[in-house]
Amino acid sequence: MGPVLAVLEMNANQLTDASQELVTKAKSLADELGTTAMAVAFGDEIGDAIRTLDVGKVVVIGGPAVTSYASLVYEEALEKVLAELAPALVLLANSTMGMDLGAALAARTGKPMLAYATALAVDDSKQLVATSQVYGGKLLAEVQLPTEGTIVTVIPGSWPASGTSGTPQLEDITAEMVPGVEVVRVMEEDSGADVDITRAEILVSVGRGIQDPENLELAEELAQAIGGAVSCSRPVVDAGWLSRSHQVGKSGKTVKPKLYLALGISGAPEHLQGMKDAELIVAVNSDGKAPIFDVAHFGGTADILDLMPALTERLQGRGQ
Amino acid sequence: MKIAVLIKDVPDLVEELELTEEGRLAVDDMSFVPSEWDDQALEEALILKEGDAGSTVTAVAIDTGDVDNMLFTALAKGADRGVKLVGDFNREMSNRARAEVLAHYCHTEGFDLILTGVQAIDDLDGQIAGLVAGRLGAAHASVVRDVALGSTSVTCIQEYSGGKMAELRLTVPAVLGIQAAQKTPRYVTVSKVRQMQKSASLEEIEGESSEAPALEIRRLYPPVASSHAEMWGDDVEELADRIVNLLEEKKLLRS
Ligand SMILES: Cc1cc2nc3c(=O)[nH]c(=O)nc-3n(C[C@H](O)[C@H](O)[C@H](O)COP(=O)(O)OP(=O)(O)OC[C@H]3O[C@@H](n4cnc5c(N)ncnc54)[C@H](O)[C@@H]3O)c2cc1C
C-alpha cells in the first residue's frame with residue numbers, strides 16, 4: 001500500500017494548526033494500515049518547520065513559483081509528487097487552499113474525493129472509514145474510502161495534533177512556473193480600527209436571524225448594556241450590514257470570549273470553527289434543531305428580536 | 001465575455017431533513033432551494049454583465065428534477081440564456097458525475113468565465129468549481145469575491161483564513177468559486193418569474209456524461225452531539241431572566 005500523504009500549509013513559514021492535525025492523522029492511519037506517513041510542503045524557508053515532523057519523508061516543493069499560493073502551480077507540482085509516491089490517501093485541510101486544490105487535483109487525476117471530513121479511522125474489517133459533515137452540519141455521512149489515492153479535505157480542529165517528532169527523510173524539488181493564475185498582491189485585512197472582537201470578553205453575535213440592518217441597533221444596545229462588543233456571522237458581513245472586522249469564523253476571526261451570545265446564528269461548521277472554544281456559549285435561535293445548540297452550553301428558542309430588548313432592559317435596570 | 005453560471009438546488013435546511021431506512025435522504029419528500037452560494041455566483045455574473053455591454057450570462061443547471069423554476073428565475077433576474085442539461089439524471093447525482101456533464105458542456109460552448117458557488121451544503125465529493133476546472137484544465141480559484149473583467153483575464157480577491165487575502169489575475173477560460181457577490185443577490189417577484197415562463201423558453205441540451213469516481217456512502221445520520229445545550233424554552237421573559245442570572249453567577253455582570 002502507498003503512503004498516507006499530508007499536504008501541508010504554512011503561514012509565515014510555520015505549519016498551520018490544521019496541517020499539524022493532518023500530520024498526526026497521517027501518522028496514526030499509516031501505522032494502522034501498515035504503511036508510511038509522508039508529507040509535502042511548499043516554500044523555500046520552511047526547513048525549521050518540517051525537519052522534525054513525525055513522518056517518514058517530507059517532499060519540499062520550492063522555487064520562485066511557490067512564493068504565494070497559485071492553484072495551477074501547486075497542482076502541477078503535486079500531481080508529479082502523487083504520480084511518484086502513489087499514495088493510498090492524500091489529506092488536505094478544508095481551507096481555501098484545500099478546497100481549491102483538492103477538487104481540481106481529484107478531477108485531474110481521476111481519483112475519488114471526500115470533502116468536509118471530521119473523522120478518519122480504520123474499522124474492524126480493516127476498511128478506511130471517514131465521517132463528513134454535510135447539510136450545514138445537520139447530517140453526517142459515513143463513507144468507505146478506497147486506499148488508492150483518495151483525496152480527503154479535513155475540517156480544521158476535528159482532532160488534536162499530537163506534537164510528536166521524528167526525523168523524516170527530506171526531498172527537495174523545484175516547482176515550475178505555470179501560466180494562468182498570477183498572484184498580483186497578498187493583503188491583510190486591516191485589522192478593523194472600529195473593533196477588535198478577539199479582545200472582547202463578551203460578544204453579542206448576530207446572524208442572519210437579525211433579518212434587517214435596522215435591527216442591529218437592538219444588538220448594539222444589548223452589547224452596550226452587557227459591556228461587550230457586537231460580532232456576527234458571515235452573511236451579515238456579506239450583506240454589508242457590518243464590516244468584515246466583526247466576522248467570526250473560518251474566513252473571519254477566531255474568538256474565545258468569556259461569553260459568546262449567539263443570536264439567530266444556525267451554527268454552520270464554518271462559523272463554529274471560529275467560536276466553539278469560547279468559555280461560555282448561550283444560543284438563542286427559533287429553530288430548536290439548529291446545530292449551534294450542539295456547541296452551546298445554554299439555549300433558548302425565542303425570537304431574538306423580542307429577546308434582545310428584554311435582556312437590554314433588565315441589564316440597564318440593574319446598572320442604575 | 002461569455003459567462004456561464006453553474007447552478008443547482010439543494011435541500012431546504014429550514015425544513016426537517018428526512019432520512020430513509022437505508023440512511024439516505026428522502027429526496028422525494030423534500031423541498032429544494034437554489035444553493036445560496038450559486039445564487040451569489042449568479043448575482044456576481046449579472047453585476048459583471050451590467051458593467052460590460054458585450055458580456056452575456058448563461059445560467060446552466062443539470063436536470064435532476066424541477067430545475068425550470070430556478071432557471072426562469074435566473075432569466076427574470078437578467079440572465080441571457082437558461083440552459084437545462086437533460087439526460088438520465090436524478091437528485092442523487094454526485095458532484096463528480098455533475099462535473100463531468102458540466103465540464104463537457106462548458107468545453108463545447110467555449111465560455112470565457114465560469115462562475116459557481118464556492119460550495120454547496122451537499123457537495124460531499126468535492127466542490128463543483130475545482131472539479132470542473134480540473135476536468136477543463138482551466139485556470140481557477142475558489143473562495144473568491146470582487147471579480148472584475150479584463151480583456152483576456154479576470155481579477156478577483158481570494159480569501160484565506162484570519163483576514164488574509166490575495167488579488168489574483170486569471171487568464172480566461174477561468175473557473176471561479178464565488179464566496180459572496182459584491183451586492184446582496186437581487187430578488188425577483190413570483191409574478192415576474194411567471195411572466196418569464198410565458199415569454200421565454202429554456203434551452204434543453206443533451207448532457208453528455210462519462211464515468212466518474214464514486215464514493216461508497218454507508219449512511220447519513222444526524223450528529224449525536226457529545227453535548228447539547230441545556231434548553232431554557234421559548235419564553236422571552238424567562239429566557240432573559242435566566243441569562244441575567246447566568247451572567248451574575250459567572251460574575252460577568254458589570255457592577
Ligand atoms: C469558505 C467559506 C468560509 C466561510 N466562512 C464563514 C465565517 O467565517 N463565518 C461565518 O459565520 N460563516 C462562514 N461561512 C458561511 C457559513 O457556511 C454559513 O452560511 C453561515 O455561517 C450562516 O450564517 P447564519 O447562521 O447567520 O445564517 P443561517 O444559517 O441562515 O441561520 C440563521 C438562523 O437564524 C435563525 N433565525 C431566523 N430568524 C430568527 C429570529 N427572529 N429569532 C431567532 N432565530 C432566528 C434561523 O432559525 C437560523 O438558524 C463560510 C462559508 C464558506 C463556504
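The values are calculated or read from the model by the stated rules, or taken from the named source; none is laboratory data. Just so it is clear, the structure is predicted and the values come from calculations on it, not from any experiment. Positions of Cβ are backbone-derived with ideal geometry, glycine not excepted, and every protein chain shown enters the neighbour counts. Note: areas computed on protein heavy atoms with side chains; ligands, DNA, RNA excluded. Shrake-Rupley method; radii C 1.70, N 1.55, O 1.52, S 1.80 Å.
What the table below lists for this structure:
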read-out: Among the residues listed as A:24, A:52, A:36, A:67, the single one being open to solvent by 20 Å² or more (accessible area, probe 1.4 Å), away from the ligand (no atom under 16 Å from the Cβ), on the phi < 0 side of the Ramachandran plot and in contact with a helix residue (DSSP H, G or I) (Cβ under 8 Å, 6 or more places away or on another chain); value: A:36
read-out: Every residue from region A:83-121 that is open to solvent by 20 Å² or more (accessible area, probe 1.4 Å) and more than 7 Å from chain B (Cβ to nearest Cβ); value: A:83, A:84, A:85, A:86, A:109, A:118, A:119, A:121
read-out: Verdict on residue A:271 being on the phi < 0 side of the Ramachandran plot, of a type outside the set (Asp, Glu), modelled with pLDDT of 95 or more and more than 14 Å from the ligand (Cβ to nearest atom); value: no
read-out: Residues of region A:135-167 satisfying the condition of being part of a strand (DSSP E or B) and open to solvent by 40 Å² or more (accessible area, probe 1.4 Å); value: A:165
read-out: Pair list, Cβ < 7 Å and 6+ apart or interchain, from region B:106-128 residues that are open to solvent by less than 10 Å² (accessible area, probe 1.4 Å) to residues that are of a type in the set (Ser, Thr, Tyr); value: B:117/B:35; B:118/B:142; B:120/B:35; B:127/B:142
read-out: Single residue of region A:228-241 satisfying the filter (part of a loop (DSSP other than H, G, I, E, B) and surrounded by fewer than 23 Cβ atoms within 10 Å (Cβ to Cβ)) that is farthest from the ligand (Cβ to nearest atom); value: A:240
read-out: Condition check for residue B:230: in contact with a strand residue (DSSP E or B) (Cβ under 7 Å, 6 or more places away or on another chain) and either more than 10 Å from chain A (Cβ to nearest Cβ) or on the phi > 0 side of the Ramachandran plot (or both); value: no
read-out: Top-ranked residue of region A:242-257 - restricted to ones that are surrounded by fewer than 21 Cβ atoms within 10 Å (Cβ to Cβ) and in a helix (DSSP H, G or I), ranked as farthest from the ligand (Cβ to nearest atom); value: A:245
read-out: Matching residues in region A:274-298 - criterion: being within 11 Å of the ligand (Cβ to nearest atom) and in contact with an Asp or Glu (Cβ under 7 Å, 6 or more places away or on another chain); value: A:286
read-out: Strands (runs of 3 or more DSSP E) enclosed by region B:135-250 - at least 1 residues per element that are at pLDDT 95 or above and open to solvent by 10 Å² or more (accessible area, probe 1.4 Å); value: B:139-149, B:153-159, B:164-171, B:203-206, B:216-221
